[in-house]
Amino acid sequence: MRQIMYPSFSARPAWAEINLDHIAHNLRQFRQQIGPATKIMAVVKADGYGHGAVKVAETAMRSGASSLAVAFVEEAIALRRAGLDAPILLFGYTDPAQFPILVHYKLTPTVFGFDTALEYSEFAVDHDTVLPLHLKIDTGMGRIGLLPDEAVEVIVRISRLPGLKIEGIYTHLAAAEENDLTYTREQLMLFNRIIDSCTYKGVTFPLVHAANSAAAINHPSARYNLVRLGIAMYGCYPAPNLQGKGIDLIPALTFKSKVVLVKEVPVGSAISYGCTFRTTKDTLVATVPVGYADGFSRLLSNKGHVLIRGCRAPVIGIVCMDQLMIDVSHIPGVRLNDEVVIYGRQSGGHVSIEEAADQVGTINYELLCALDKRIPRYYFEEGKFSSVCDIIKDRIISINS
Ligand SMILES: Cc1ncc(COP(=O)(O)O)c(C=O)c1O
């Protein structure tokens with residue numbers, strides 16, 4: 001990460017602006033709602049849902065989070081190497097071959113089987129140390145975790161292993177965003193029953209957690225003493241029905257580009273691969289240097305919209321790997337270098353990532369994660385540009401130096 005003057009684009013004008021003040025705002029919203037006693041774990045896996053894990057993690061730790069979570073060891077190492085020293089929980093499976101890395105980088109694994117716990121314990125004893133872990137219970141997600149029938153017995157056995165410190169117990173909710181609360185209530189009942197039985201048998205847990213963003217908004221009883229915030233921290237609602245429930249989110253990411261060509265084409269002109277679009281009138285077409293390799297789905301061909309001069313412009317023809325075309329006939333004065341907003345707001349106009357996700361039959365999470373690394377991330381803090389992460393440019397600099 002280098003400090004450079006904004007704007008300074010890489011080879012082509014296509015970039016994402018990440019407003020870290022919005023991430024801080026979103027976390028403050030939760031802090032107000034959940035009160036001071038419940039901790040916040042900032043979920044920064046998948047490179048911070050495409051926003052850049054390091055910058056998001058730094059902001060989150062300054063804005064009320066007390067720990068971080070990623071999916072696997074390598075994601076955590078990147079955070080440590082960037083200087084983050086907060087506790088980091090690994091949500092996924094950690095292979096015992098990686099235990100030395102856990103110790104070296106002070107990472108906390110999720111454990112959901114006795115055999116892994118035993119190997120972890122033996123490793124701890126061999127190295128004359130005590131190692132932390134969180135236990136995971138599968139109360140109905142059907143993904144990873146101890147099953148309810150075995151959980152109490154296995155947890156009690158794990159608790160007796162030397163060299164281990166059970167720092168937390170958690171479960172993951174499968175349907176926390178739904179208006180019908182029944183399934184989540186059943187999951188929480190199972191989870192509570194397991195915790196109560198463990199407590200009765202003398203096993204207690206400093207941290208108890210179940211809530212992702214949806215549950216943190218929708219199910220106060222799922223908050224326990226820690227919530228794990230992902231999508232909402234980035235300013236996106238986990239589902240549309242969760243808007244207006246007391247948490248006012250602002251998206252942190254705006255995806256932008258610039259017009260690289262404006263041309264008038266006659267009626268009947270074909271646009272892009274396969275000639276799937278033919279103009280029905282003389283048309284003003286603008287070319288935008290963003291394509292599916294950047295994360296703008298090809299399924300938005302002849303469907304999606306972008307903003308230019310605050311107006312919506314339809315994508316015409318097939319989205320190419322690195323470029324797309326829009327009809328700007330209805331927008332006065334469109335010129336070369338005009339700013340194009342692909343997801344976000346511009347002069348009163350708005351194209352949300354949720355709208356694009358709907359059009360391609362997916363969710364905002366997937367489109368955020370799909371934003372390719374070749375799109376530089378420009379960070380804004382305290383209302384002004386602060387830094388850039390531009391992997392392609394960094395690569396060129398390292399080749400030249
Ligand atoms: C175990 C776990 N907890 C919390 C989260 C965060 O979820 P969300 O982004 O919906 O807040 C995730 C993300 O998938 C997860 O896997």
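Some values worked out for this structure:
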item: Qualifying residue in segment 284-293 (condition: in a helix (DSSP H, G or I), without any contact (Cβ under 8 Å) to a residue 60 or more places away in the chain and surrounded by 14 or more Cβ atoms within 10 Å (Cβ to Cβ)); result: yes
item: Restricting segment 177-190 to residues that are among the polar types (S, T, N, Q) and surrounded by fewer than 16 Cβ atoms within 10 Å (Cβ to Cβ), the residue that is farthest from the ligand (Cβ to nearest atom); result: THR182
item: Residues located in segment 352-401, provided they are modelled with pLDDT of 95 or more and β-branched (Val, Ile, Thr); result: ILE353, VAL360, THR362, ILE363, ILE375
item: Matching residues, segment 191-217, being more than 11 Å from the ligand (Cβ to nearest atom) and crowded, with 17+ Cβ neighbours inside 10 Å; result: PHE191, ILE194, ILE195, CYS198, VAL203, PHE205, LEU207, VAL208
item: Subset of segment 8-42 [in contact with a Phe, Trp or Tyr (Cβ under 8 Å, 6 or more places away or on another chain) and within 16 Å of the ligand (Cβ to nearest atom)]; result: ILE23, ASN26, THR38, ILE40
item: Members of segment 99-120 found to be under 16 Å from GLU167 (Cα atoms) and crowded, with 20+ Cβ neighbours inside 10 Å, listed by number; result: LEU102, LEU107, THR108, PRO109, THR110, VAL111, PHE112, ALA117, TYR120
item: PHE99, sole failed condition from (1) over 30 Å from PHE380 (Cβ atoms); (2) touching a residue at least 40 places away in the same chain (Cβ under 8 Å); result: (2)
item: Hits in segment 131-158 - residues which are buried (at least 24 other Cβ atoms within 10 Å of the Cβ) and more than 13 Å from PRO109 (Cα to Cα); result: ILE137, THR139, LEU146, ALA151, ILE155
item: Cβ-Cβ under 7 Å pairs, at least 6 apart or on other chains, segment 231-254 side more than 17 Å from ALA215 (Cβ to Cβ), far side among the β-branched types (Val, Ile, Thr); result: GLY235/ILE250; ALA252/ILE18; ALA252/ILE23; LEU253/ILE18; THR254/VAL341
item: Residue satisfying condition, being out of contact with any His (no Cβ under 7 Å at 6 or more places or on another chain), under 23 Å from ASN19 (Cβ atoms) and modelled with pLDDT of 95 or more, within set ASP327, ASP338, ASP322; result: ASP338
item: Segment 62-84 residues that are in the same structural domain as ASN212 (by TED's automatic domain parsing), paired with ones that are at pLDDT below 95 and more than 15 Å from the ligand (Cβ to nearest atom) (beta carbon under 6 Å, 6 or more apart); result: none
item: Checklist (1) buried (at least 19 other Cβ atoms within 10 Å of the Cβ); (2) among the acidic types (Asp, Glu); (3) under 17 Å from PHE255 (Cβ atoms) applied to ASP327, failing item; result: (3)
item: Which listed residue, of PHE91, PHE99, PHE114, PHE30, is aromatic (Phe, Trp, Tyr) and over 30 Å from SER221 (Cα atoms); result: PHE99
item: Residues that are without any contact (Cβ under 8 Å) to a residue 40 or more places away in the chain and either in a helix (DSSP H, G or I) or closer than 28 Å to ILE391 by Cα (or both), drawn from segment 25-43; result: ARG28, ARG31, GLN32
item: Count of residues meeting criterion [buried (at least 24 other Cβ atoms within 10 Å of the Cβ) and farther than 23 Å from GLY246 by Cα] in segment 22-48; result: 2
item: Residue match in segment 94-107 (condition: in contact with a Phe, Trp or Tyr (Cβ under 6 Å, 6 or more places away or on another chain), in a helix (DSSP H, G or I) and within 23 Å of LEU68 (Cα to Cα)); result: yes
item: Residue match in segment 146-165 (condition: among the small types (Gly, Ala, Ser), within 31 Å of the chain's Cα centre (by Cα) and within 16 Å of the ligand (Cβ to nearest atom)); result: no
item: Residue satisfying condition, being under 19 Å from ILE250 (Cβ atoms) and either polar (S, T, N, Q) or away from the ligand (no atom under 12 Å from the Cβ) (or both), within set ALA65, ALA78, ALA82, ALA97; result: ALA65
item: Subset of segment 166-176 (residues that are surrounded by fewer than 22 Cβ atoms within 10 Å (Cβ to Cβ) and within 14 Å of THR110 (Cβ to Cβ)); result: ILE166, GLU167
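To keep it simple, each residue is scored yes or no on (1) without any contact (Cβ under 8 Å) to a residue 12 or more places away in the chain; (2) of a type in the set (Asp, Glu).
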residue: GLU354; (1), (2): no, yes
residue: ALA357; (1), (2): yes, no
residue: TYR365; (1), (2): no, no
residue: LYS373; (1), (2): no, no
residue: PRO376; (1), (2): no, no
residue: GLU381; (1), (2): no, yes
residue: LYS384; (1), (2): yes, no
residue: CYS389; (1), (2): no, no
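The values are calculated or read from the model by the stated rules, or taken from the named source; none is laboratory data. Predicted, not measured: the structure shown is a model, and the values here were computed from it. As a convention, Cβ positions derive from the backbone with ideal geometry for all residues, glycine included, and neighbour counts pool all protein chains shown.
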